[in-house]
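The values are calculated or read from the model by the stated rules, or taken from the named source; none is laboratory data. This one's a predicted model, so the numbers in the text were calculated from it and none came from an experiment. Every residue, glycine among them, receives a Cβ derived from its backbone with ideal geometry; neighbour counts consider all protein chains shown. Calculation scope for accessible area: heavy atoms of the full protein, side chains included, ligands and nucleic acids excluded. Shrake-Rupley method; radii C 1.70, N 1.55, O 1.52, S 1.80 Å.
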Amino acid sequence: SLFVKAKEVPAASRCPGGGEGVRWRCCRQAFEELRGIHRHVALHHSGDVGRQAGLGAGPAEAGESPEGGPGPADSAARPSGHSCGSPEICWALPDTSHVSQDELTSILFFLNILFLFAYLCHAVGSQVGEVLLYYCYCEVRDPEKLCAWQKALCQHLHLTGKVRVATEGINGTVGGSKVATSLYIKVMLSQPLFKNLLCQEDFKSSAGGAHCFPDLRVGVFKEIVPMGIDPKIVSYKETGIHLSPQEFHREVEQYLSQTTQGQSDTILLDCRNFYESKIGHFQGCLAPDIRKFSYFPSYVDENLGLFKDKRVLMYCTGGIRCERGSAYLRSKAVCREVYQLKGGIHKYLEEFPDGFYRGKLFVFDDRYAICSNEDIISACRYCGVLWDQYKLCSSQHCRQLVLTCPSCCNKGLTACCSVCQEKALKVTSRASGQTLKEECECTRSRPRVPIEHVSPRILDTGK
């Protein structure tokens, strides 16, 4: 409200300014209705409002220069020359004056069509938008400010998705039109906080858009990827050796040739959750049967003998889990060497779509998976036919994913296990307001931290 007040045209000068209905002026635009000026400020000056609220800015910082002319708010949409709110975070938002609203939000007009024609979603997705995946480990002195700027930036560009901010950096996956994601990358690379740390190649992209996420969620957390270990105890600075997709490909090729002869001293380790590796993984990998990444440290602790004197090749979706995961493994001082795939599976598939990774790549949005090859390596939970398209368990109390083919779905087999199948029927017959505790057969039967045994399983490239 204070920001808008600063843009008010004095009553005495409203007529000479171009019409007696003009009540506010901003960015060389005239506004007659309060709703119009508020919408303009929300779209183009969120960062300035956030800075004013966060730093207690005076009138000059709120959009009024001492001379009464255009203040910093009028130039907020132009990154160059914009004053920074703090030494590490620049509050500038990208200039979108040359871009139409349709170009920024084109994906929104296709939402109903996309959901009605689900099979067309993948075909149309590449034309109307994309999803970005990225992370950057760096020291953030004020994560709250970075969080506020990120939220303003995403709203300004009409992006949806999830962004995690912490003192150790930022981790995000956002979706929108290609114009919007391109502007997002540009302004992220110009942010002083990420200078010389982020580059164009650090952004992994795939066909999609704003429809891939239900909303925008930006928040401050202790870790930018939830491993459950204090970043001060296990730091990203102690990570393993990064291998490019080409180097990793050569290592996996050598590993597979050695395992065929039963001579391997290497473990190819999948750092993801079981439901991710179930639908796609590298040939010959060791994929822990864990449900959350926060279980990974316990998995390592319980299986230290497995890694003793071994060369470990680690990989995950985009590389971020390997950063802290490799650091934790190295802290145990049992491995001979620890390597990790830079850019994760995402970057590997860009270089080797028909390489040693087979099946789908699981993603944490409404698409659930993206593909680079035609292989299907998983099966329907009920009939065993090859199937790799996840759905949420139909039981309201459960949030687990289930692989159930169309034939089984038509038979009503839509829950993750028999316990949920029975509970789903009970829930529908209960009075509203009553809930059932989440307790699935598949959860109870899976040990929180599986104990691996050195066996032919590890050397069997067919598994």
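See the values below:
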read-out: Interchain or long-range residues, amide H under 5 Å from Ile267's placed H; value: Arg311, Val312, Leu313
read-out: Residue-wise HN-Hα coupling along the range 357-374, computed from phi with Karplus coefficients 6.51, -1.76, 1.60 (Hz; x: Gly, Pro); value: 8, 10, x, 8, 10, 5, 10, 8, 8, 5, 7, 6, 7, 10, 10, 10, 9, 8
read-out: Percent accessible area from carbon and sulfur atoms, the range 364-405, protein chains only, probe 1.4 Å; value: 51 percent
read-out: Computed accessible area, Arg272, all protein chains, 1.4 angstrom probe, square angstrom; value: 0 Å²
read-out: Within the accessible area of the range 144-298 (1.4 Å probe), percent carbon and sulfur; value: 49 percent
read-out: Equivalent ellipsoid semi-axes, the range 232-378, via Cα gyration tensor eigenvalues times 5, rooted, Å; value: 22, 18, 14
read-out: Accessible area per residue, Å², the range 128-220 with all protein chains present, probe 1.4 Å; value: 35 Å²
read-out: Above-threshold pairs, the threshold being 31 Å between Cα atoms, out of Lys222/Lys278; Lys7/Lys204; Lys178/Lys237; Lys195/Lys232; value: Lys7/Lys204; Lys178/Lys237
read-out: Convex hull volume of the range 379-424 per residue (C-alpha atoms, cubic angstrom); value: 59 Å³
read-out: Cα-based radius of gyration of the range 128-220 once divided by 2.2 N^0.38 Å, which approximates compact folds; value: 0.98
read-out: Hz values of 3J(HN,Hα) by residue in the range 317-330 - Karplus curve (6.51, -1.76, 1.60), Gly and Pro given as x; value: 5, x, x, 5, 5, 5, 4, 7, x, 5, 5, 5, 5, 5
read-out: Reciprocal of mean inverse Cα separation for the range 203-311 (Kirkwood radius, Å); value: 17.0 Å
read-out: Ordering of 183-195, 356-368 by burial proxy (mean other Cβ atoms within 10 Å per residue, highest first); value: 356-368, 183-195
